[in-house]
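Here the structure is laid out as structure tokens; the discussion comes afterwards.
Rule-based calculations on the coordinates, nothing more; no lab input. Just so it is clear, the structure is predicted and the values come from calculations on it, not from any experiment. No Cβ is skipped: glycine too gets one built from the backbone with ideal geometry, and neighbour counts run over all protein chains shown.
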Amino acid sequence: SDFSAPLTGSVKGGGSNAVGGAISVNRIGADRSALVQNDAANSISGFGDVSLLAGADQDIYAIAVAGGGAGNVAVNGSSTSNVMEGTERAAVEGGSIDAGSLTVSAAEGDRTIWSLAGAVSGAGSVAIGLANANNIILAKRQAEVSGASLSLDGGLDIASGGNADIRSAAVGGGGGGTFAGGASIAVNVIDGEESALL
């Protein structure tokens, strides 16, 4: 499995002005393939059950937090950007398989992002807090049997898919005697292709 768990933080204090920021950027990119490639003269036999599996779990847990206070002006911002991408492919291409059953699966891995971006400011005059969280999961999974001669006593299972989950929060706030502003933006995208071909 692939795992990333970064934590970034910033705390500022100033008698007059304070500016703070925290940024977390994470990327997991992995291509995984499980292939059987044979010409017509090659064969796989003598097995009860044959399984060809591709995939692994991928997890990102990211936190970016900034905070500060000042007598006059305080500005704090945080941003976390997280990307998962890659291709899982399980394929039998050519040859012959004589077995009890055959499983070809590109559905073995789940992808999960948990992210939090937070910013809080306090000042006697002006306070601004900005928080941004961007999360993208791009997944392509393909399971395929092509050009192969199959002799199976049991079943044939060709599977493609897997879970893709994003849990995200962005919180920005401020408190000031004259002006206080807070803004938060969370952008989450899950996109991909799933195919199971015979």
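Pairs of Cα atoms nearer than 8 Å and 6+ residues apart set the relative contact order; for segment 2-197 it is 24 percent. Placing unit charges on the Cβ atoms only, positive for Lys and Arg and negative for Asp and Glu, gives segment 17-102 a dipole magnitude near 520 debye about its Cα centre. Length, then width, then depth: along the principal axes, the Cα atoms of segment 2-197 run 80, 22, 18 Å. Measuring spread by the Cα atoms of segment 143-189 yields a radius of gyration and Dmax of 26.1, 79 Å. For the peptides 45-51, 120-126, residues were scored by their other Cβ atoms within 10 Å and the scores averaged per peptide; the highest-first order is 120-126, 45-51. Most tightly packed first, judged by the mean number of other beta-carbon atoms within 10 Å of their residues, the peptides 28-34, 15-21 read 15-21, 28-34. Only Lys, Arg, Asp and Glu carry charge here, each on its Cβ (+1 for the first two, -1 for the last two); on that basis the chain has a dipole of about 1360 debye about its Cα centre.
Considering only Gly162, Val104, Ala127, the residue lying farthest towards the positive end of the dipole of segment 2-197 is Ala127, judged by Cα position with unit charges set on Cβ.
Length gained on full extension, Ser146 to Ser101: 14.6 nm, using 0.36 nm per residue less the C-alpha separation. Each peptide among 105-115, 178-188 gets the average number of other Cβ atoms lying within 10 Å of its residues, and from highest to lowest they stand as 105-115, 178-188. Residues of segment 62-102 with amide nitrogen under 20 Å from the 7 Å Cα-to-Cβ point of Ser43? Output list for this probe position: 92-102. For a paramagnetic label modelled at 7 Å from the Cα of Ser125 toward its Cβ, which residues of segment 172-187 fall within the zone defined by backbone nitrogen distances under 20 Å? Within reach of a label on Ser125: 174-182.
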